[in-house]
Amino acid sequence: MPSASSPGPIPTETVVIAPPAPQRRRSTTWVSIALIVIGAALVLSFPTIAPNPYILSAGVVILNFAVLSTGWNFMGGFTGYISLGHAAYFGLGAYGTALLIKYLALPGFVAWILAAVLVAIIAVPIGIAALRVRGASFVIVSIAFVLIMLLVFQSWREVTGGSDGLNVPRPFPDLLRPEHHRVFYYLYAGLLAFALVVWWIIDRSKFGTALKSIREDEDKARSLGVPTTRYKLIAYVLSALMVSLGGGLYALWFGDLDPIFQFSILIGSYMVLMALLGGVRNLFGPLLGAVVVGTALEYFKVEFGDTQFHLIATGILLGVVVLFMPDGVIPAVKALFTRGSNQASIREVTAGELLEQNESRDAPPTPQGPKSVAGQERSS
């Protein structure tokens, strides 16, 4: 405490918490970069170390799940709206690609992109209607949507093939099955990388900050001037686009579509489970969840055949995650290493504080900015 005889003026700057040391932040950044490089190397080298074509095809399935759960996370992770009906966009992307190839004779990958664009357009009116409600009502609306799509594609036999399914021509007919799996493995890896980059960009943008404020307190975000309806719709359409891209690529890879599978609520449930398991607030959360859940599903199907044991295991896993790791595995592990730090989680930040933090990033530095607690102690 300075006295009247202390030299120099009494500091009047605002007291704020001192940020983490730059050295610690730099080391954390290098660790993150190293983990990303190692993970990318493992993903890219998997086709060369896979012992047989079945393991390689399982890798394609897991990457497919990773794309779907990451696509779902554009809506669920940013806004907090839980949709169990995103399998509708998975099915629409798959069937849209197949129907464009069959009836318009478009090249496979042209049909894939065009089908995804059409699904994004369809998602606009669906999103406008569905996003009028929240919470459990939104979940019910999403389930109703996927069930309607199932009935339509199962009954419209003249166009979709109905329960008999629909065959999709292979885009690489000259490739043997192992090479076919390898090509699509890398295509899925590229699509996943694209989805992760887009999610990362949004997460660090003003748009992403506004979406997080909707997740934390939508009414308060609206009162602070966030156009919640428009932003939620954009996130919904982006999510539908990413999931439909995964569905279209699945159609080109697998080559045989069945409406009961393509529009299954289980697919939507898997997306939610994978994102929750890894952590919806983390970039790589859905990817980690896809690796764990996808590997477990393939193992149970191999060990127990056509039984429904994998559904029991999935339900138990979902219960464990919700009860003991509500924020996911990655945040739980981070908490072990950051225990005692001063960094607050997203749950401890209000919608208004999120917007203020975002505005302060773009504010020009002032000559006499606020000092840290340590700085005031030195001046005193």
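Laid out as a table, the results:
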| item | result |
| --- | --- |
| The range 53-361 - percent relative contact order, Cα under 8 Å, separation 6 or more | 33 |
| Hydrodynamic radius (Kirkwood) for the range 82-164, which is based on Cα pairs only, to one decimal in Å | 13.6 |
| Taking 295, 307 and counting other C-beta atoms within 10 Å, the order from fewest to most | 307, 295 |
| Principal axis box of the range 53-361, alpha-carbon based, largest edge first, Å | 57, 41, 32 |
| Rounded to whole Hz, the Karplus (6.51, -1.76, 1.60) HN-Hα couplings of the range 242-253, x for glycine and proline | 5, 5, 5, 4, x, x, x, 5, 5, 4, 5, 7 |
| Within the range 165-198, backbone nitrogen closer than 13 Å to the virtual label 7 Å beyond the Cα of residue 230 toward Cβ | none |
| Likely footprinting exposure, 202, 267, fewest C-beta neighbours within 10 Å first | 202, 267 |
| Label-point separation in nm, residue 129 to residue 36, each point 7 Å along Cα→Cβ | 4.0 |
| Theoretical gain in end-to-end length, residue 220 to residue 29 [0.36 nm per residue, Cα-Cα removed] | 65.5 nm |
| Within the range 53-361: Cβ-based charge dipole about Cα centre, in debye rounded to nearest 20 (Lys, Arg +1; Asp, Glu -1) | 560 |
| Proxy reagent accessibility, fewest Cβ within 10 Å first, across 112, 253 | 253, 112 |
| Segments 237-250, 74-87, 207-220 sorted - mean Cβ within 10 Å per residue, highest first | 237-250, 74-87, 207-220 |
| Extension gain (nm, one decimal) between residue 313 and residue 176, 0.36 nm per residue minus Cα-Cα | 45.9 nm |
| Alpha carbon convex hull of the range 105-217, projected area averaged over orientations, nm² | 10.3 |
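Computed from the coordinates by the stated procedures, all read-outs in this text should not be read as laboratory data. Everything numeric in this text was worked out from a predicted model, so none of it was measured. Every residue, glycine among them, receives a Cβ derived from its backbone with ideal geometry; neighbour counts consider all protein chains shown.
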